[in-house]
Amino acid sequence: MTPRPYAARIAAQTLLQRLGRRERDLTREEIVAESLDLAVEEYELKLEQVPCILGNPFYAGRLIRAPRLLQISTNYSLPSRRYTLAHEIGHFLMHTGQNHFCDREFHPDENRPYYEIEADGFAAELLMPHRLLTDQFLARFRAPLETSADQPLFYSLAAQHEVEPREVSRTLRESAPLERAISVATLNSYKGAFFAPLNDAFSVSKMAMGIRLLNLQLVR
């Protein structure tokens, strides 16, 4: 089957709306930040943080539908565990015909089954909703960034990494799009303004945020 990115986005947006109606005292930002805990509670899922899944150190998450059991491996960073949990919740809500999922840590791979790509799309929208992320991005950068030609970006990255702007310019021009997007995802200042890097603001990995910025065409 072909992945359904639109269905994954709608499923995540529907969940956030449902949580927002339930938790009316929380802001949009707070709903997103707490969406994983709220979703686990909403659907009465049993969440276990375990050192190893099925004896395999490469497994990051597992869903067993019948007992509503979610297992998340503690072998990975907190941003990775959050993304894995969102991914498993996506399986729970979207792929109801399958009882068991066992997943490795997130990594982009075009050869993955359609349902894994859909679960990734769900996780991205749940943790980094496109409207909220766009608002946060524009508050920092004012407009989408052309990373190979943005002089203020060169100077901001140079200051952050204590290198010369011309070195940053050369590196960005020679880098792959994802590497350039990750540079923006982890940036802490722009045009003299300082802020929390986007990956930290949304508690996701720099790779996850970089991919999201590319997919939303906020970084080119």
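Computed quantities for the displayed model
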{"item": "Which numbered condition Gly20 misses (of (1) modelled with pLDDT of 95 or more; (2) in contact with a His (Cβ under 8 Å, 6 or more places away or on another chain); (3) over 19 Å from Val204 (Cβ atoms); (4) not hydrophobic (A, V, I, L, M, F, W, C))", "result": "(2)"}
{"item": "Failed item, numbered, when Ala39 is tested on (1) within 18 Å of the chain's Cα centre (by Cα); (2) within 21 Å of Asn199 (Cα to Cα); (3) of a type in the set (A, V, I, L, M, F, W, C)", "result": "(2)"}
{"item": "The range 1-24: number of residues that are over 19 Å from the mean Cα position of the chain (by Cα) and assigned to a loop (DSSP other than H, G, I, E, B)", "result": "4"}
{"item": "From Leu153, Leu157, Leu214, residue being surrounded by 16 or more Cβ atoms within 10 Å (Cβ to Cβ) and within 18 Å of the chain's Cα centre (by Cα)", "result": "Leu214"}
{"item": "Residue list for the range 15-25, filter: open to solvent by less than 70 Å² (accessible area, probe 1.4 Å) and over 16 Å from Thr96 (Cα atoms)", "result": "Leu16, Leu19, Gly20, Glu23"}
{"item": "Check on Val168, open to solvent by less than 70 Å² (accessible area, probe 1.4 Å), outside any helix (DSSP H, G or I) and farther than 30 Å from Leu19 by Cβ", "result": "no"}
{"item": "Pair list, Cβ < 7 Å and 6+ apart or interchain, from the range 26-38 residues that are open to solvent by less than 50 Å² (accessible area, probe 1.4 Å) to residues that are in a helix (DSSP H, G or I) and basic (Lys, Arg)", "result": "Leu36/Arg82"}
{"item": "Any hit, the range 70-84, residues being of a type outside the set (S, T, N, Q), within 16 Å of Leu126 (Cβ to Cβ), in a helix (DSSP H, G or I) and touching a Lys or Arg at 6+ places or on another chain (Cβ under 9 Å)", "result": "yes"}
{"item": "Residues located in the range 48-94, provided they are of a type in the set (D, E, K, R) and touching a Cys at 6+ places or on another chain (Cβ under 9 Å)", "result": "Arg62"}
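For every residue, the table says whether it meets (1) farther than 17 Å from Ser205 by Cβ; (2) open to solvent by 40 Å² or more (accessible area, probe 1.4 Å); (3) in contact (Cβ under 8 Å) with a residue 12 or more places away in the chain.
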site	(1), (2), (3)
Lys46	yes, yes, yes
Pro51	yes, yes, yes
Ala60	no, no, yes
Asn75	no, yes, yes
Ser80	no, no, yes
Thr84	no, no, yes
Gln98	yes, yes, yes
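Per-residue answers, yes or no, for (1) at pLDDT below 95; (2) part of a loop (DSSP other than H, G, I, E, B); (3) of a type in the set (Val, Ile, Thr); (4) open to solvent by 60 Å² or more (accessible area, probe 1.4 Å):
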residue	(1), (2), (3), (4)
Phe101	no, no, no, no
Phe106	yes, yes, no, no
Phe122	no, no, no, no
Arg131	no, no, no, yes
Phe137	no, no, no, no
Ala149	yes, yes, no, yes
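The values are calculated or read from the model by the stated rules, or taken from the named source; none is laboratory data. All of these numbers come straight from a predicted model, not from anything done at the bench. All Cβ positions, even for glycine, are placed from backbone atoms using ideal geometry, and neighbour counts span all protein chains on display. When the accessible area is computed, the model is the full protein with side chains, heavy atoms only, and any ligands, DNA or RNA have been set aside. Shrake-Rupley method; radii C 1.70, N 1.55, O 1.52, S 1.80 Å.
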